[in-house]
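Student: Quick one: the structure is below, questions incoming.
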Amino acid sequence: MNAIVDEENTVEVLLVEDNSGDVRLAQEAFREVNRSIHLHLASDGLEAMAFLRQEGAHLRAPRPDFILLDLNLPKMDGREVLGLIKADQSLKLIPTIVLSSSETDADVLMSYQLQANCYLRKPAHWEAFESVVRSINDFWLTKVKLPPQMASG
Amino acid sequence: MTINASGEDVLKEVLLVEDSPGDVRLTREAFRDFDQTVRLHVAMDGVDAIAFLRHEGHYANAPRPDFILLDLNLPKMDGREVLACIKKDESLKTIPTIILTTSDAEVDIAKSYQLQANCYLIKPVQLDEFENLIKSTSDFWLTKVKLKQQTQAR
């Protein structure tokens, strides 16, 4: 298969996830579902914020088209990351999808209160994981009109 | 979601805020074809939508919607204003609010995300594409997404 990707149509996705097994599942699922997705990884909340603010090693980080955010993260919790994103006049435009193994009502409610764009349960098994990634791709990348990329990068 | 005694989701409640009778009809038909457990409620203008959400006037018994489909250009109160009202309200802000409009203007898209619309959809002109979009939306938000559980407080 031809792996050359049209740069024009590249979709930048930031995955904030500390579990290396889940990272691997996500990488494989995205590769399977849509090869024009560039998956960037932040393995804790602080790194996610540095990426989004283009700080330190992330000086040249692209602005993601959307963010997949786990809730339970080291250093800075996913809830705090979500709160910071949605309190920032520029970052708040980036659709932020919570992808968490937690099913507790309190986590779901709090995520929507903090203005997560949607809440998806993270499955533990490959097939279900791939199906969630496929749903994200089919809805968010083919149906939804994502926010315009700001000209000033 | 309305939950019955055995804890099953019996009906899904969707609020459509739309002033064009043609689009209301198309949306209604698309939901009927696709998911008969969806009960579609229609508000024809922004003031009506807010009254529905706040259980005011003849909406005293209105259910809390599982999600809202909101047009931007509406009489009486604009869709942007409705969106801002919803997202400023501590209780209503947790209802996913999906913009469904013919506008593809960047300023409308950016403004909607700024006001914390959950996502932005452009109404396709073609009938089958329109039906398809309603299907995907209903499927994603009602079967894939984890929504806040309704605790029937009444």
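Student: Can you name every residue in the range A:27-52 that is closer than 18 Å to A:Leu82 by Cβ and small (Gly, Ala, Ser)?
Tutor: So the first thing to find is which residues in the range A:27-52 are closer than 18 Å to A:Leu82 by Cβ, and the list is A:40-52.
Answer for the range A:27-52, where residues must be closer than 18 Å to A:Leu82 by Cβ and small (Gly, Ala, Ser): A:Ala42, A:Ser43, A:Gly45, A:Ala48, A:Ala50.
Student: Pick from A:Leu73, A:Leu109, A:Leu59, A:Leu39: which is surrounded by fewer than 17 Cβ atoms within 10 Å (Cβ to Cβ) and farther than 24 Å from B:Ile86 by Cβ?
Tutor: Unique residue meeting the criteria: A:Leu59.
Student: Among helices (runs of 4 or more DSSP H) lying entirely in the range B:46-154, which contain 1 or more residues that are of a type in the set (Ser, Thr, Tyr) and surrounded by 18 or more Cβ atoms within 10 Å (Cβ to Cβ)? Spell out the reasoning first.
Tutor: Working: elements: B:46-53, B:79-88, B:106-114, B:127-139.
Counting at least 1 such residues, we get B:106-114, B:127-139.
Student: Go through the range A:54-85 residue by residue and tally those that are over 24 Å from A:Arg121 (Cβ atoms), in contact with a helix residue (DSSP H, G or I) (Cβ under 9 Å, 6 or more places away or on another chain) and either assigned to a helix (DSSP H, G or I) or in contact (Cβ under 8 Å) with a residue 24 or more places away in the chain (or both).
Tutor: 4
Student: Kindly evaluate B:Val125 against the criterion of being without any contact (Cβ under 8 Å) to a residue 40 or more places away in the chain, within 12 Å of chain A (Cβ to nearest Cβ) and not small (Gly, Ala, Ser).
Tutor: Here the answer is no, as B:Val125 does not meet what is asked.
Student: Additional query: Write out, first by first residue and then by second, each pair whose Cβ atoms fall under 8 Å of each other, whose residues are 6+ apart or on separate chains, and whose first residue, in the range A:113-139, is more than 11 Å from chain B (Cβ to nearest Cβ) while the second is crowded, with 19+ Cβ neighbours inside 10 Å and among the basic types (Lys, Arg).
Tutor: Cβ pairs passing all conditions: A:Phe129/A:Lys122.
Student: If you don't mind, another one. If I go through the range A:86-113 residue by residue, how many of them are in a helix (DSSP H, G or I) and among the small types (Gly, Ala, Ser)?
Tutor: Qualifying residue count, the range A:86-113: 3.
Student: Among residues belonging to the range A:140-153 that are of a type outside the set (A, V, I, L, M, F, W, C) and touching a residue at least 60 places away in the same chain (Cβ under 8 Å), point out the one that is nearest to the other protein chains (Cβ to nearest Cβ).
Tutor: A:Gln149
Student: Among the residues of the range A:121-133, is there at least one that is closer than 24 Å to B:Thr101 by Cα and within 14 Å of the chain's Cα centre (by Cα)? Walk me through it before giving the result.
Tutor: Quick first cut of the range A:121-133, residues closer than 24 Å to B:Thr101 by Cα only: none.
No, the conditions are met nowhere in the range A:121-133.
Student: Run A:Thr96 past the list (1) more than 22 Å from B:Asp66 (Cα to Cα); (2) buried (at least 18 other Cβ atoms within 10 Å of the Cβ); (3) more than 10 Å from every other protein chain (Cβ to nearest Cβ); (4) not aliphatic (A, V, I, L, M) and report the number of the one that doesn't hold.
Tutor: Just one mismatch for A:Thr96, condition (1).
Since every read-out is calculated from the coordinates, none of them should be taken as a lab result. Keep in mind that this is a model prediction, so the values were computed, not measured. Don't worry about glycine lacking a Cβ; one is built from the backbone with ideal geometry, like all the others, and counts go over all protein chains shown.
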